[in-house]
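For reference, the structure discussed in these notes is given below.
The values are calculated or read from the model by the stated rules, or taken from the named source; none is laboratory data. Not measured: the values here are computed from a predicted model. No Cβ is skipped: glycine too gets one built from the backbone with ideal geometry, and neighbour counts run over all protein chains shown. Heads up: the accessible areas ignore ligands, DNA and RNA and are worked out on the full protein's heavy atoms, side chains in. Shrake-Rupley method; radii C 1.70, N 1.55, O 1.52, S 1.80 Å.
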Amino acid sequence: MIKIFFFCFCLIVFVHSLKISVVLEKEENNLYANSLSQCTKGYLVLFSEIASPITSIDHSCISTTTLNQTIDSSNLLYNFEFQNSIGAQSCEITLITQLETVGYTFNFICQEMPIPIIKDIGSLPQYTQKFGTFSFNILYEYMFSIENVPEPNSQLSINYLVNDTNWSLGLSKINYNTYIIEIYPIYSANTIFQTTVVKVTLNFQNNYEHFFEIELKNPKSNIEMTDYNLAPIDNPVMAYQVLGSFNIKSDTPSKLIFGFEISNMMLFCLNYPIYGNPFNSTYFIRLYLGMDFNQNLDWVNYQGNVKQILTSKNINIIAIPPIDDSPGDIKSKVSDPNPALGGNRILSYLTTNTKFERESYSFLNMVIEDQVYLDPNLQYLNDGAFSLIGNFSAFNRSVDMIVSKYYNRENIWFGILSAISRNDYIDPSSIDLLPPIINDWELIALPGFGEYILLRASITDNISGFAAIYEPNPSSTAIIMSCQNLVSGTIQNGVYEVVIKNPLFSIQEFYISDYASNTNTYGSKFLPIMEPFVNLNFSNPRNYNYDSLDFQVLNANWSHNDIDLSLRSCSVIFSFTLANPDKEMSPCFQLGLEYPFIEIKIFCGTWNETSNQYEILVTLPMRMLTGVLSYSLFYYKHISSDYLNLAFPSSELRIFSQDADMLGPEIIDLSPIDGEIGWTFRVYDKLNGFASGNITITGSLYQIENVFILNPNDEIHEIRVPLLSPCVPQTYTITSAFLVDNGGYVSDIVNVFKNYINVDLHKIEITCPAPIPLDPPILKSFEFNPQTIDVGSNNRNVTIKFTVEAPIGNALIDRTPFVYLTSLYTITKKEATFKSSSNFEYFYECEMEVPYGFGAPEKSIFSLYGIMDITATMIGFTSSDLDRLHFDYILDTTEFTKDAHPVIESSSDITVRGGKLLIIGNAFGSDIGTLVVNVVYNDGIIDPKHAIFLSPTSIVIENVRPTTLPFKIQIAKLGTNSETLYSNDYWIKPRLVPGFPYTDSSSTSSIGSSTSDSSVDSSSHSASFGSDSSSNEIIPTNPPNPCINSCGGPTQGRCASNGCVCISPWVGADCTSKVIIIPTPSINNSLPTTNFSFPSENNAENIGLTGIISIVELQELDKNDQILFRYPFAQWVWTNISTFGTPEKYLYSANITNSNLTTYVNVTIQYFEKQENISFAGEELIMNPYSIKYNINISSYSFTNSQNSLQLIMKLTLESNESDGCSAIEKGNTTLSNSDFVKLQINNHSLYGRFVKRGIIDGRISSISNQVLENYHQDKSTQFNDVISFMGIKIRSFRSMVQLDPDFSVLLDQNGASSSDSTSSICSSKKKKLSVAQLAGIIIGSILFGAVVIVASTYFIYKNLKEKRFEKGFEKKLKNIK
């Protein structure tokens, strides 16, 4: 019994062995000791697999221990905080339970803070403003850096004080070692501010004190204010905002700050110069109060710590009342399971006695887009038609929603606008009680488009299926990802993709739910403890950290530092470099607050791999005010131009304009048209001229919006709404206005009517007897066709027809109804068109294109709203109403064919300069070799493009040609049955970009090659797929090579520190091999064969050589390099992707399957007729003339273990039909590039392969290992005329894509193989013929009639007759696209 008991006891201890692990080291941990010579170290520690109660936690040093979280009875999180003195120390904690004792040792390093080396950078220009919600502060700023801060996480404790009670201090950080002292004034009124010097003291944690003497300069601006106008004053007026203007004359171009004050509180208001120059300028004032206001406002000028009250005026404004849409009673009910809906139920929702008071705003202005997503709380849209029954004074809302048959909660929370209610749910389902699980989560950077991020997720749900991923923000109605985004699999086990356009975001927490309403929570805020995968980062860029200060700007400059904007707008490039840049990030540039009325104020850029810097193309509109451009750069945080200009003078952009005009157009001479509903007016713009605009008139009764597009060529504009017959009493109001001038300055309705701020001047009231109420219209028919659609097809159109009967012409045809289609999670709508009428019957028709993936795998329901009679009574029909009227209302959307016809939905912006283009849509596939994008230009030229990046939802193409005219794109791809599937046509309008300033050598600063037009646009930068290096990976560089054989002599090479540097055309380790110059190869379009032919040098004999390069197979290796799986390539698909005017290029595609995942291998072979310099993975490569470059792309692969790797096997063969001679194999490192090489030589001819030691893995530059596999094949040839080498290219585990780039040349050697130093030299006289297997390779070169070498492009099996027919058919179909 004792033995048995002992055995059981040991077994229990083994199974429940207690573990201690550090989950998180606190960010606030001190590297440097404080004033008490102590460092504080904090840790979050997990005690896991606890089998018995904890009796004590002991420690060997000063420690504070607190329980953080009880995960469950076996897993506890504890906070530990240690105080340790200077030096290297350790602290052991001992966890004692009733069954066991476990220890853990913490090691610390606490350093004494060195004396800080402080570098004074200086005062920022003049003084600046910091804005809050309603007010602002003025401050001086002084910048310094601490040069000996060793790392970003070094926490410094700095106290500060100032010796002058008229000022207060603040301290902020720009980055990890740069600080700004903020000096705020304590104001005194109506005194003269004199230049003063304040003494600022910084106290560091090591008791070191540093003193700054900072001069606070008086701007010395003598100002004269004239023409001060402000409205509304004295008499009460209903207006949008308080508006005004004034003129300032100043003797210096200093920055002047004005503002309103009430009871000594500064109010935020827009007041910036809009006309003139720095010495004589006109300011424009906008102040939003948001309430009725009737009292004095002081107009104040601030200089230093002095404020001067310039004038005081009594403001008397009546605020426009807010919308009141408070609902009354709320009723709801849930139907029984509906067999026609697959067992789903319908929740009917009704609010009564809702009031709507909105006299001067258009109801329909809230409509933003046709498709509106519903959030998980079932918040619906408000567009002036949906759900409305009644009129705009008092109405009911009636809505039907679909409730899943799997819904498992006891109540349903739902709502429309502010009406939130709960319905007790009778008989909740218990079939599905488990939430969906995210199995894989990828954020993929789109090459060249940092503003976008591709989210790909693999999600499983056991029964009801994945429904949506959404944010927990109750004010957000946008779903991040839904079942509509399914690209493969099913909603129970599928892969989803969505492209998100947002250059800078980070979502810390998000929810995932299924149709049963089960929910899981994920996000970066969660600790990776019990379930590591709940800790998911969701941001753009992928490693976004809002709190990060781990960056340092090294340089910032402009392509031009002085520009004249007097007559035209200009484009300029802002460039900057950083230490450790995140190359996936799209930094944003924003013009300063001084330019409030510019239409486009934010510009985003990309990393330029060629110039090794970020570049942002910025458009500056004409006639900006003369002075230094104010801007801010956003790279993890806002960096002001004041800081950049002080630190980097080349970042200062100086603008000149003879006379500024920074205000958009305004309306003058506004006059109502007598006896009509309308106005006449002129549009005035001081200098730039009116470019475009629109104005909207809305009637208060029917809320019909009448939009008028203004013609800039008209001197006098007329806008009018026809009088209704019979007359209907209502008020017509100008509810919206938007005007733009030729400089890009805009005016909203406030600025447009700045001369007519009284909104009563925007109204025309029609008085006449109200219409007599009649019987309301009735719905006579409602039908649609087809009743079943495949929501994954390219034909998702549904035609809806309905008939309304209205007695005695009671229907209002001017306000057309909307048809709505509702699914479990989304709703889409389409406006109907009035077709005709007959005998009081009104016929309507609607062509609705159902969104891709909509509703699947369930059915969807129609509803109809917005039918109105002449008394403004709205009629609507829910799905239940349609059912009661015996009309069909269910659209079968259950079928969802994935990867069928491509669907183009949108694209990135592209300028008239062309370049890269991002295409967004669905069903693009993932095989880059089976898809082509045809770009059809306005002149009829069709330019087929192959993707440089492809996913099921996104395509990136490059080299779109410059054009100012719209062009069309269409996608053609091969289907699963070898048929050609075409997308919809999609039109793209290039954006005009102003030219660069006129070149003046005295006013420009060089930024390398980035000033050329071809690289200034974010869509045309030369950015490869791998635009970033992993910060955690050391990219290998070659060790120095010895200089041998005198590097071939002075005409062939020279000896450098890293080995022989050869002079073209000489190559090799000792510069004794010469690139052979041969004619352009001929191409066999049946077999992927490239043939080179030329006579020998003396033309006296024929020498036959054959070089074969084959891609043999792909292998998965474990961490010990043992082969786990082999995937030989049995078949390739060949495509000629050469384009006019470019080197010949061919694509070979193959695929393998592992764990139900298809991995695609695409090999592009490009022929170089002349020497060229190319860039790959951050490495500059010189391509020899008459060489061939492989570009190998491998898509995602399902590794059995994340520590495993892939190895791509390439076979190099050089064969001769000579009967005697010698051969050799040489391998080593190259000199000029970080590459390996292998050289196969027979006599004095060689096949030379170069393998770069780096590749692009998941968009990052990563190390690649290349190895000659001596023992790969047992039947190793011993014949001199049959030289074989196998090269293994080893790739670490990855998620989405690998790109490799070897290349091959044919060489003529000075030294024959018999004189080779290689131990592999073989001499023989035996003749050997090519085998059938060898001929199955891809032959890429041949030396015939002298010295002809055939060098293979890739491994290929002869195509059978069926494949030949397929090729011809596919080529013919592609031609038809044109």
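Per-structure values
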read-out: Residue check, residue 901 part of a loop (DSSP other than H, G, I, E, B) and free of Cβ contacts under 8 Å to residues at least 12 places away in the same chain; value: no
read-out: Matching strands (runs of 3 or more DSSP E) fully within segment 1235-1304 where at least 2 residues are open to solvent by 10 Å² or more (accessible area, probe 1.4 Å); value: 1235-1242, 1245-1252, 1260-1263, 1265-1268, 1282-1292, 1297-1300
read-out: Pair list, Cβ < 7 Å and 6+ apart or interchain, from segment 199-219 residues that are farther than 13 Å from residue 142 by Cβ to residues that are part of a loop (DSSP other than H, G, I, E, B) and open to solvent by 90 Å² or more (accessible area, probe 1.4 Å); value: 206/112; 208/115; 218/194
read-out: Count of residues meeting criterion [closer than 21 Å to residue 1298 by Cβ and either touching a Lys or Arg at 6+ places or on another chain (Cβ under 8 Å) or without any contact (Cβ under 8 Å) to a residue 60 or more places away in the chain (or both)] in segment 937-947; value: 1
read-out: Test: residue 760 is open to solvent by 40 Å² or more (accessible area, probe 1.4 Å), out of contact with any strand residue (DSSP E or B) (no Cβ under 6 Å at 6 or more places or on another chain) and under 30 Å from residue 622 (Cβ atoms); value: no
read-out: Residues satisfying the stated conditions in segment 684-693, i.e. outside any loop (DSSP other than H, G, I, E, B) and either open to solvent by less than 60 Å² (accessible area, probe 1.4 Å) or acidic (Asp, Glu) (or both); value: 690, 691, 692, 693
read-out: Matching residues in segment 199-231 - criterion: being hydroxyl-bearing (Ser, Thr, Tyr) and either open to solvent by 30 Å² or more (accessible area, probe 1.4 Å) or at positive phi (or both); value: 208, 226, 228
read-out: Residue check, residue 828 under 30 Å from residue 903 (Cα atoms), of a type in the set (Val, Ile, Thr), surrounded by fewer than 19 Cβ atoms within 10 Å (Cβ to Cβ) and at pLDDT 90 or above; value: no
read-out: Those residues of segment 1116-1145 which are open to solvent by 60 Å² or more (accessible area, probe 1.4 Å), assigned to a loop (DSSP other than H, G, I, E, B) and at pLDDT 70 or above, in sequence order; value: 1119, 1120, 1121, 1122, 1130, 1131
read-out: Matching residues, segment 622-641, being open to solvent by 10 Å² or more (accessible area, probe 1.4 Å) and of a type outside the set (Phe, Trp, Tyr); value: 622, 623, 625, 626, 627, 628, 630, 632, 637, 638, 640
read-out: Any hit, segment 125-140, residues being at pLDDT 85 or above and open to solvent by less than 60 Å² (accessible area, probe 1.4 Å); value: no
read-out: In segment 738-757, the residues that are outside any loop (DSSP other than H, G, I, E, B) and open to solvent by 30 Å² or more (accessible area, probe 1.4 Å); value: 738
read-out: Condition met for residue 732 (in contact (Cβ under 8 Å) with a residue 60 or more places away in the chain, over 39 Å from the mean Cα position of the chain (by Cα) and open to solvent by less than 60 Å² (accessible area, probe 1.4 Å)); value: no
read-out: Those residues of segment 698-729 which are outside any loop (DSSP other than H, G, I, E, B) and on the phi > 0 side of the Ramachandran plot, in sequence order; value: none
read-out: Every residue from segment 223-255 that is farther than 19 Å from residue 626 by Cα and not in a strand (DSSP E or B); value: 232, 234, 235, 236, 240, 241
read-out: Selected residue (criterion: least open to solvent (accessible area, probe 1.4 Å)) from residues of segment 968-983 that are out of contact with any Pro (no Cβ under 8 Å at 6 or more places or on another chain) and part of a loop (DSSP other than H, G, I, E, B); value: 975
read-out: Sole residue being open to solvent by less than 40 Å² (accessible area, probe 1.4 Å), in contact (Cβ under 8 Å) with a residue 24 or more places away in the chain, under 30 Å from residue 757 (Cβ atoms) and of a type outside the set (A, V, I, L, M), chosen from 696, 606, 619; value: 696
read-out: Identity of the residue in segment 642-667, touching a helix residue (DSSP H, G or I) at 6+ places or on another chain (Cβ under 8 Å) and under 18 Å from residue 997 (Cα atoms), that ends up most open to solvent (accessible area, probe 1.4 Å); value: 652
read-out: Number of positions in segment 703-717 that are within 15 Å of residue 385 (Cα to Cα) and either open to solvent by 10 Å² or more (accessible area, probe 1.4 Å) or in contact with a Pro (Cβ under 6 Å, 6 or more places away or on another chain) (or both); value: 2
read-out: Positions within segment 549-567 being part of a loop (DSSP other than H, G, I, E, B), open to solvent by 20 Å² or more (accessible area, probe 1.4 Å) and modelled with pLDDT under 85, in sequence order; value: 549, 550
read-out: Selection within segment 992-1008 - open to solvent by 80 Å² or more (accessible area, probe 1.4 Å) and at pLDDT 50 or above; value: 992, 998
read-out: Condition check for residue 1153: at pLDDT 85 or above and not hydrophobic (A, V, I, L, M, F, W, C); value: no
read-out: Output for segment 31-46, where each listed residue is β-branched (Val, Ile, Thr) and open to solvent by less than 10 Å² (accessible area, probe 1.4 Å); value: 45
read-out: In segment 907-947, residue farthest from the chain's Cα centre (by Cα) [restricted to those that are part of a strand (DSSP E or B) and among the small types (Gly, Ala, Ser)]; value: 915
read-out: Strands (runs of 3 or more DSSP E) wholly inside segment 357-409 containing at least 3 residues that are modelled with pLDDT of 85 or more; value: 394-403
read-out: Top-ranked residue of segment 268-289 - restricted to ones that are over 36 Å from the mean Cα position of the chain (by Cα) and open to solvent by 20 Å² or more (accessible area, probe 1.4 Å), ranked as nearest to residue 747 (Cα to Cα); value: 275
read-out: Odd one out for residue 534, checked against (1) more than 22 Å from the chain's Cα centre (by Cα); (2) among the β-branched types (Val, Ile, Thr); (3) at pLDDT 90 or above; value: (3)
read-out: Residue in segment 334-350 that is modelled with pLDDT under 55 and open to solvent by 40 Å² or more (accessible area, probe 1.4 Å) present; value: no
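For (1) under 26 Å from residue 1065 (Cα atoms); (2) surrounded by fewer than 20 Cβ atoms within 10 Å (Cβ to Cβ), each residue gets a yes or a no:
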residue: 1176; (1), (2): yes, no
residue: 1190; (1), (2): yes, no
residue: 1195; (1), (2): no, no
residue: 1204; (1), (2): no, yes
residue: 1208; (1), (2): no, no
